[in-house]
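Chemist: Next up is a structure, given as structure tokens.
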Amino acid sequence: TVIRFLRVLRIFRILKITTYVGESNLLLEALWASRRKILVFLFAVLTIATIFGSFMYVIEGEKYGFTSIPKGIYWAIVTLTTVGYGELRPQTPFGQFIAAIIMIMGYGIIAVPTGIVTAEIAQASKTPRQDHQCSTCKASQHEDDAKFCRHCGALLHSE
């Protein structure tokens with residue numbers, strides 16, 4: 001069995017998986033850099049799910065299957081994430097209106113973390129910038145293609 005396992009490991013050599021380690025590190029760095037934004041976003045989503053789930057418990061009630069607030073929160077999460085199991089469905093017109101709002105919000109919510117991580121990947125994948133420092137006023141963090149200092153106007157020396 002050990003030899004068979006080692007044969008399976010050969011597939012990684014065939015696929016040359018090791019060439020993608022740098023890209024996976026880039027993705028991990030982007031996820032780590034955006035962790036605070038994503039946590040704030042998840043907190044907002046959980047707050048929205050709690051509020052709308054509580055509303056659905058009050059609006060629909062036990063008659064239509066919303067027997068508790070946690071059950072309503074579960075329904076809100078399933079609807080917000082666009083999973084939609086269908087085990088709980090709002091029956092009243094106002095409940096269906098709230099459900100439609102949550103469904104539309106669900107599509108928008110899918111895009112937010114994608115945008116956050118994509119922005120971090122773009123930031124992390126930029127080539128390392130040379131920090132041009134002005135010899136006159138010692139200001140730094142100029143644009144890559146800057147020829148003059150943005151503070152004093154002196155000529156930047158490219159090295």
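The values are calculated or read from the model by the stated rules, or taken from the named source; none is laboratory data. Note that the structure is a prediction, hence the values are computed from the model and not measured. Don't worry about glycine lacking a Cβ; one is built from the backbone with ideal geometry, like all the others, and counts go over all protein chains shown. What goes into the accessible areas is simple: the full protein's heavy atoms, side chains included, and nothing from ligands, DNA or RNA. Shrake-Rupley method; radii C 1.70, N 1.55, O 1.52, S 1.80 Å.
Chemist: Quick check: is even one residue across the range 16-25 among the acidic types (Asp, Glu), open to solvent by 100 Å² or more (accessible area, probe 1.4 Å), touching a residue at least 40 places away in the same chain (Cβ under 8 Å) and at negative phi?
Modeler: Taking every residue of the range 16-25 in turn, none turns out to be among the acidic types (Asp, Glu), open to solvent by 100 Å² or more (accessible area, probe 1.4 Å), touching a residue at least 40 places away in the same chain (Cβ under 8 Å) and at negative phi.
Chemist: Also: Pairs needed: first member in the range 33-44, in contact (Cβ under 8 Å) with a residue 60 or more places away in the chain and aliphatic (A, V, I, L, M); second member anywhere, surrounded by 15 or more Cβ atoms within 10 Å (Cβ to Cβ) and part of a helix (DSSP H, G or I); C-beta distance under 8 Å; at least 6 residues apart or different chains.
Modeler: Short answer, once both residue conditions are applied: ALA33/GLU120; ALA33/ALA124; ILE38/LEU31; ILE38/PRO113; ILE38/ILE116; ILE38/VAL117.
Chemist: Let me ask another. Of a type in the set (Val, Ile, Thr) and assigned to a helix (DSSP H, G or I): which single residue out of THR50, THR67, THR82 fits that description?
Modeler: Among THR50, THR67, THR82, only THR50 is of a type in the set (Val, Ile, Thr) and assigned to a helix (DSSP H, G or I).
Chemist: Could you list, in sequence order, the residues of the range 60-72 that are surrounded by fewer than 21 Cβ atoms within 10 Å (Cβ to Cβ) and among the hydrophobic types (A, V, I, L, M, F, W, C)?
Modeler: Within the range 60-72, just ILE69 meets the criteria.
To keep it simple, each residue is scored yes or no on (1) charged (D, E, K, R); (2) within 29 Å of the chain's Cα centre (by Cα).
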site: ARG36; (1), (2): yes, yes
site: PHE43; (1), (2): no, yes
site: SER54; (1), (2): no, yes
site: ILE59; (1), (2): no, no
site: GLU62; (1), (2): yes, no
site: SER68; (1), (2): no, no
site: GLY72; (1), (2): no, yes
site: TRP75; (1), (2): no, yes
